[in-house]
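A.B. asks: Before I ask anything, here is the structure I am working with.
The values are calculated or read from the model by the stated rules, or taken from the named source; none is laboratory data. Just so you know, these numbers come straight off a predicted model, no measurement behind them. Cβ: placed from backbone, ideal geometry, glycine included. Neighbour counts: every protein chain shown.
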Amino acid sequence: MRIIGGNYRGKKLFLPKDKYTRPLKDMVKESIFNLINHSKKININIEKSMILDLFSGTGSFGLECLSRNCKKVVFFENYRGAIKILQKNLNLFLDIKKTKVYEEDFFEFFSSNKVFDFNFDIIFIDPPYKEKRINDIIEIILNKKILSKNGILIIHRHKKDNIRITEKLKIIENRVYGISKILFGN
């Protein structure tokens, strides 16, 4: 696993040694960023973006955004094994001051009425495949109004996942890469 573009292109990232963290494959990551950069349906400039990487694991998505000069990346991860790898990966970057790591459960954090003083342009949602509360995650994001007006949600699921996404989210792209299904919505 490596950074595929930007200032840190080619930099190898640390991987977990256990099977509980599923890193985002380079091919899938590259396809996501190609869509962000070239789709006429998505109007996002990474360099001006605030990024929220939910269930961030090793941090691959957020670190890719950091390599591409985003404004800020906020990582959410509560699994200790993944947090250790995420911290090691963050230490590979010079601009770590543009990051914030929350070692908290997403649901607990937002049920406690904690808020951010800014909105996110891209929210990447990559929970374990067994997590079925995808619509709850989307509802929290929409109800808390943490997605910017022209922002996008990017949801990573297994291609056989049959959860129907809430109609409150407009799906603008739906792609399958290997075993991954990627949904883009706003």
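A.B. asks: If you check S31 against the conditions, is it closer than 21 Å to R175 by Cβ, buried (at least 18 other Cβ atoms within 10 Å of the Cβ) and either at pLDDT 90 or above or small (G, A, S) (or both)? Full working, then the answer.
C.D. replies: Values: closer than 21 Å to R175 by Cβ: yes; buried (at least 18 other Cβ atoms within 10 Å of the Cβ): no; either at pLDDT 90 or above or small (G, A, S) (or both): yes.
So S31 fails the test.
A.B. asks: Identify, from the list L86, L183, the residue that is crowded, with 16+ Cβ neighbours inside 10 Å, of a type outside the set (F, W, Y) and assigned to a strand (DSSP E or B).
C.D. replies: L183
A.B. asks: Select, from K168, K160, K145, the only residue that is within 16 Å of L52 (Cα to Cα) and of a type in the set (K, R).
C.D. replies: Going through K168, K160, K145 in turn, just one is within 16 Å of L52 (Cα to Cα) and of a type in the set (K, R): K145.
A.B. asks: Okay, moving on. Only residues that are without any contact (Cβ under 8 Å) to a residue 24 or more places away in the chain and either at positive phi or of a type in the set (S, T, Y) (or both): list them for the range 1-59, please.
C.D. replies: Result: G10, single match.
A.B. asks: While we're on this one: Has the range 140-161 got at least one residue that is surrounded by 12 or more Cβ atoms within 10 Å (Cβ to Cβ), of a type in the set (D, E, K, R), over 25 Å from S39 (Cα atoms) and touching a residue at least 24 places away in the same chain (Cβ under 8 Å)?
C.D. replies: Taking the range 140-161 first, the residues surrounded by 12 or more Cβ atoms within 10 Å (Cβ to Cβ) are 140-142, 144, 146-148, 151-159, 161.
Narrowing the set further to residues that are of a type in the set (D, E, K, R) leaves 144, 157, 159, 161.
From what's left, over 25 Å from S39 (Cα atoms): 144.
Retained after the next criterion (residues that are touching a residue at least 24 places away in the same chain (Cβ under 8 Å)): 144.
There is at least one residue in the range 140-161 that is surrounded by 12 or more Cβ atoms within 10 Å (Cβ to Cβ), of a type in the set (D, E, K, R), over 25 Å from S39 (Cα atoms) and touching a residue at least 24 places away in the same chain (Cβ under 8 Å).
A.B. asks: Name every residue in the range 131-180 that is part of a strand (DSSP E or B) and within 16 Å of F76 (Cβ to Cβ), in order of residue number.
C.D. replies: Scanning the range 131-180 gives L147, L153, I154, I155, H156.
A.B. asks: Another one. Looking at (1) surrounded by 14 or more Cβ atoms within 10 Å (Cβ to Cβ); (2) under 19 Å from K100 (Cβ atoms), which one does I134 not meet, given that it meets all the others?
C.D. replies: Result: I134 fails condition (2) only.
A.B. asks: Same structure, new question: Name the residue that is farthest from G5 (Cα to Cα), counting only residues in the range 55-83 that are basic (K, R) and either surrounded by 21 or more Cβ atoms within 10 Å (Cβ to Cβ) or under 13 Å from the mean Cα position of the chain (by Cα) (or both).
C.D. replies: Applying the filter and picking the extreme gives K72.
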